[in-house]
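The values are calculated or read from the model by the stated rules, or taken from the named source; none is laboratory data. Nothing here was measured: the structure is a model prediction, and the numbers come from that model. Glycine gets a Cβ as well: all are built from the backbone with ideal geometry, and neighbour counts include every protein chain shown. Note: areas computed on protein heavy atoms with side chains; ligands, DNA, RNA excluded. Shrake-Rupley method; radii C 1.70, N 1.55, O 1.52, S 1.80 Å.
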Amino acid sequence: KEQAVANSRVALKTAQDALATAQKPFTDEDLADAKTAVASAQRSWDLAKQDIDNTRRNWDTKLQQAEDALATALQSYLDRVKYYYGVELTEAQAYQDSSTLTIVPNPDAVFAWQNLFYRPPSQETIDTDINATWQALINARDSRNSQQTQRDKAMLAAEQAERQAGANFRKAQETLDKMVVDPLQVALKQTQVATAQANLQKALDELAELKKGGDPLAVALQQAQVA
């Protein structure tokens, strides 16, 4: 019976500890850390969203400047060809290598502009001028393409960072959300404590009854029979 009482005390202590854990499954420090983590993750996510907008604006500005420069270079080349040869190239023709592009001059236009000069420029000078404007066009196109590639990479990196920041925030929020008291678990543990207390009381009562000794009347009867 004494062993039964000891076992009941251990069972009651275990049930009480389990109840205490169910009533507060986390420490105040754990809760504070979780709230701090959520706030920090939220700030990081907000900054990542802002970074996407900033990156888009910055690169759109750079790309627009490159587009404008390309448009200017294209028009300059088209104007130069028209000036010298009286021919209007298409945009597709403009990007062909000027040294391999076959241009059939407009005789009337050529005669008109050449008469403006006492000594018209040589064909070598014309070719040099046209090749230079064409090379400027190609450089402007390559610069625009480079800016586009860099913009795409920068936007991809910013979007990936935003997705990761969002995932970090959701994970931190899930951790905080789990730090709640489950009323069903508390009720279950309270029932287990009550059962353990009843079992302990029963064991104590049985031990006390055993320690009182035998029934005096029964003992006297047995003594008379012995005698």
Among the candidates 172, 167, 203, residue that is assigned to a helix (DSSP H, G or I), open to solvent by less than 50 Å² (accessible area, probe 1.4 Å) and either acidic (Asp, Glu) or within 27 Å of residue 3 (Cβ to Cβ) (or both):
203
Answer yes if at least one residue in the range 42-50 is touching a residue at least 60 places away in the same chain (Cβ under 8 Å), open to solvent by less than 70 Å² (accessible area, probe 1.4 Å) and either outside any helix (DSSP H, G or I) or touching a Phe, Trp or Tyr at 6+ places or on another chain (Cβ under 6 Å) (or both), and no otherwise.
yes
Please name all residue pairs, on different chains or six or more residues apart, with Cβ atoms under 8 Å, provided the first residue is in the range 81-97 and is closer than 15 Å to residue 127 by Cβ and without any contact (Cβ under 8 Å) to a residue 40 or more places away in the chain and the second residue is polar (S, T, N, Q) and surrounded by 13 or more Cβ atoms within 10 Å (Cβ to Cβ).
85/106; 87/106
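Please pick out the residue among 145, 139 that is closer than 30 Å to residue 94 by Cα, assigned to a helix (DSSP H, G or I) and under 29 Å from the mean Cα position of the chain (by Cα). I'd like the intermediate steps shown before the answer.
Working: 139 fails: under 29 Å from the mean Cα position of the chain (by Cα).
Being closer than 30 Å to residue 94 by Cα, assigned to a helix (DSSP H, G or I) and under 29 Å from the mean Cα position of the chain (by Cα) holds for just one of 145, 139, which is 145.
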Cβ-Cβ under 7 Å, sequence separation 6+ or interchain: first residue in the range 19-38 and farther than 24 Å from residue 167 by Cα and modelled with pLDDT under 90, partner charged (D, E, K, R) and outside any helix (DSSP H, G or I). Which pairs?
22/182
Count - residues of the range 206-227 that are exposed (fewer than 10 other Cβ atoms within 10 Å of the Cβ), closer than 27 Å to residue 2 by Cα and among the small types (Gly, Ala, Ser):
3
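Could you say which residue among 149, 195 is exposed (fewer than 15 other Cβ atoms within 10 Å of the Cβ), touching a residue at least 24 places away in the same chain (Cβ under 8 Å), out of contact with any Cys (no Cβ under 6 Å at 6 or more places or on another chain) and among the β-branched types (Val, Ile, Thr)? Steps first, answer last, please.
Working: 149 fails: touching a residue at least 24 places away in the same chain (Cβ under 8 Å).
Unique residue meeting the criteria: 195.
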Within the bounds of the range 21-30, is there any residue that is open to solvent by 50 Å² or more (accessible area, probe 1.4 Å), of a type in the set (Ser, Thr, Tyr) and closer than 18 Å to residue 139 by Cβ?
no
